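These notes concern the structure reproduced below.
The values are calculated or read from the model by the stated rules, or taken from the named source; none is laboratory data. Computed from a predicted model, the values in this text were never measured in an experiment. Note that we place each Cβ from the backbone using ideal geometry, even for glycine, and neighbour counts take in every protein chain shown. Surface accessibility is based on the protein's heavy atoms, side chains included, excluding ligands, DNA and RNA. Shrake-Rupley method; radii C 1.70, N 1.55, O 1.52, S 1.80 Å.
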Amino acid sequence: MKYVIIGGTHAGISAARTVLKSDPNAEVTIIEMKKNVSYISSGINLYFDGTIDDLADASYATPDLLRAEGINLILGTEVLNVNTEEKQLYVVDTEEQYSYINYDKLILANGSKVVKPKIKGIDNADVILYKNLEESKNALERLNTTGKHILIVGAGLAGLALASSIYEGRQGEQVEITLVEAMEGVLMHYADQEVSDRLIEDLKGKNIKFILKNDVHSINVDQNDKIMSVSTTDQEIDCDMVVFSVGLMPNNDFLRGAVELNQNNTIKIDDYMQTSDENIYAAGDNVEVRQTVSQRRSYQPLVNNAVKGAIVAAYNCVGLIKPIKIETTQGTTGTKLFGHYVATTGITEENAPYIGLNVISSTIEEKIQYNYVKNGSNVMIKVIYEKDTEIIVGAQIYSENNMLDMINVMSIAVNMRMTMSKLATMDFYFNPAYNKALNSLNEVALARTLKPCRNSK
């Protein structure tokens, strides 16, 4: 059986390895339009953090390793279209050589691309859009050589992570970072206003500026085509370079007519990752995922969703075991931003009404400190739950020390429809060297009975 996978990043490699695990005799081929595989799109952050010395090191599998595992690689080759009747791909390589590749089963893991707004000046050399290795190398060169005032469009996870990495990596240099965001706060797709306000407050006094509730209308250049400023909804902001981090979009244009697509250009799949063609499966940033709380499908291009979807697609594609249904997602995230840790799962309080939920929340802020520990840690934990049933639907954590693992507990709580009363007395380990006797998650659940909680808007 010949399995062909389009895309050599998280989803594609996970799918290839899973196919071989299920059927060691399978012929597995990955087609990747770039000349490298497994590049981590946040590699530039790892570079500024000092985790890696070369962007090429921001990968989790080399071509030699994958070939040693029995995976055929066709790199630098773009799939132009898919002929489902003939089970054939029409491709072109970097030398403009056109050819056909046959398949028995096809897994689409072709991923996404950065949204490129149609505004004046977007094609200037000092405007950065990055995701793959080539784009990241160009971005790094520009960031290291261009001026000291960097403007980032988008204050979501990606934009904030880049700003944080640049700030931490270039401390000691006079660098100013401005983030322009169309929404009322930062991380607004993942967290509520409390977390946004706290992060912004903690950055006061640093060379980090936030321009909220503003859209970028144009990028202005001088007579030498050097960026001077950006015009937004209500002001003009001086800067030397611009980075766009306003989201991703599926890279599915070549699939039109081959498989059914949704209105937002994602591939239409069922709960088994199968497309409208019985021989084609899809996973990664090219599909929608079903959200646990709303049970609706939405576009959430997260690595954890991509990998899990690819594994399910591969197992079902091989078909040697009973079909596996993909689990719903809580959209769980965790990261370090400007020396603080932020983690989220489930839905926000602000977004709950849009899916028809009446929710309230419980929030605690405390300094975790013991007599035998010199340095304590400030933490804010917010849990969102249904007003009538007390079923937990979301949580957010903002802390000084790494408490990110707590969000995995809350992700399970959302998935299992745990109630606040259950969380209040849930069993957690205690060791005086590492934590306190009453876990903070117990406390945030207990707090709902001790103080008023605000209704959702």
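If we scan region 328-341, do we find a residue that is in a loop (DSSP other than H, G, I, E, B), surrounded by fewer than 22 Cβ atoms within 10 Å (Cβ to Cβ), touching a residue at least 24 places away in the same chain (Cβ under 8 Å) and aliphatic (A, V, I, L, M)? Checking region 328-341: not a single residue is in a loop (DSSP other than H, G, I, E, B), surrounded by fewer than 22 Cβ atoms within 10 Å (Cβ to Cβ), touching a residue at least 24 places away in the same chain (Cβ under 8 Å) and aliphatic (A, V, I, L, M).
No other residue among 367, 322 is basic (Lys, Arg), outside any strand (DSSP E or B) and either out of contact with any helix residue (DSSP H, G or I) (no Cβ under 8 Å at 6 or more places or on another chain) or surrounded by 24 or more Cβ atoms within 10 Å (Cβ to Cβ) (or both) apart from 322.
Only a single item in (1) among the small types (Gly, Ala, Ser); (2) part of a strand (DSSP E or B); (3) out of contact with any strand residue (DSSP E or B) (no Cβ under 7 Å at 6 or more places or on another chain) is not met by residue 294, and it is number (2).
When you check residue 309 against the structure, is it in a loop (DSSP other than H, G, I, E, B), open to solvent by less than 20 Å² (accessible area, probe 1.4 Å) and within 24 Å of residue 42 (Cα to Cα), yes or no? Taking the combined requirement at face value, the residue does not satisfy it. Being open to solvent by 20 Å² or more (accessible area, probe 1.4 Å), under 22 Å from residue 294 (Cα atoms), modelled with pLDDT of 95 or more and of a type in the set (Ser, Thr, Tyr) is a description that does not apply to residue 344.
How about region 91-122: which of its residues are crowded, with 16+ Cβ neighbours inside 10 Å and of a type in the set (S, T, N, Q)? Within region 91-122, 110, 112 qualify.
Yes/no per residue for (1) under 23 Å from the mean Cα position of the chain (by Cα); (2) closer than 28 Å to residue 330 by Cα; (3) surrounded by fewer than 19 Cβ atoms within 10 Å (Cβ to Cβ):
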residue: 223; (1), (2), (3): no, no, yes
residue: 226; (1), (2), (3): no, no, yes
residue: 233; (1), (2), (3): no, no, yes
residue: 269; (1), (2), (3): yes, yes, no
residue: 276; (1), (2), (3): no, yes, yes
residue: 286; (1), (2), (3): yes, yes, no
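Each residue in region 6-38 was checked for being closer than 19 Å to residue 304 by Cβ and touching a residue at least 40 places away in the same chain (Cβ under 8 Å), and 12 pass. Just one of the listed residues (322, 308) is among the charged types (D, E, K, R) and at pLDDT below 95, and it is 322.
If only residues of region 422-446 that are surrounded by 14 or more Cβ atoms within 10 Å (Cβ to Cβ) and among the polar types (S, T, N, Q) are counted, the one that is nearest to the chain's Cα centre (by Cα) is 440. Within region 11-47, the set of residues being under 19 Å from the mean Cα position of the chain (by Cα) and either of a type in the set (Val, Ile, Thr) or at pLDDT below 95 (or both) comprises 13, 37, 38, 39, 40, 41, 42, 43, 44, 45, 46, 47. Scan region 76-96 and tell me whether some residue there is under 30 Å from residue 336 (Cβ atoms) and touching a helix residue (DSSP H, G or I) at 6+ places or on another chain (Cβ under 8 Å). Within region 76-96 (the criterion being under 30 Å from residue 336 (Cβ atoms) and touching a helix residue (DSSP H, G or I) at 6+ places or on another chain (Cβ under 8 Å)), the answer is no, since none of the residues qualifies.
Would you confirm whether any residue within region 403-415 is among the small types (Gly, Ala, Ser), open to solvent by 10 Å² or more (accessible area, probe 1.4 Å) and closer than 25 Å to residue 48 by Cβ? Even if it seems obvious, please write down each step before you answer.
Taking region 403-415 and keeping what is among the small types (Gly, Ala, Ser), we get 411, 413.
Still in the list and also open to solvent by 10 Å² or more (accessible area, probe 1.4 Å): 411.
Within this subset, residues satisfying the condition of being closer than 25 Å to residue 48 by Cβ are none.
Taking every residue of region 403-415 in turn, none turns out to be among the small types (Gly, Ala, Ser), open to solvent by 10 Å² or more (accessible area, probe 1.4 Å) and closer than 25 Å to residue 48 by Cβ.
Remark: pairs (first residue in region 406-417, modelled with pLDDT of 95 or more; second residue part of a helix (DSSP H, G or I); Cβ separation under 8 Å; 6+ apart in sequence or on different chains) = 406/440; 406/441; 409/441; 410/441; 413/423. The single condition among (1) touching a Gly at 6+ places or on another chain (Cβ under 6 Å); (2) of a type in the set (A, V, I, L, M, F, W, C); (3) under 20 Å from residue 287 (Cβ atoms); (4) in contact (Cβ under 8 Å) with a residue 60 or more places away in the chain that residue 55 does not satisfy is (3). Checked against the criterion of being in contact (Cβ under 8 Å) with a residue 24 or more places away in the chain, under 22 Å from residue 13 (Cα atoms), of a type in the set (A, V, I, L, M) and surrounded by fewer than 24 Cβ atoms within 10 Å (Cβ to Cβ), the candidates 302, 357 yield just one match: 302. Between 296, 256, the distinction of being of a type in the set (D, E, K, R), touching a residue at least 40 places away in the same chain (Cβ under 8 Å) and open to solvent by 10 Å² or more (accessible area, probe 1.4 Å) belongs to 296 only.
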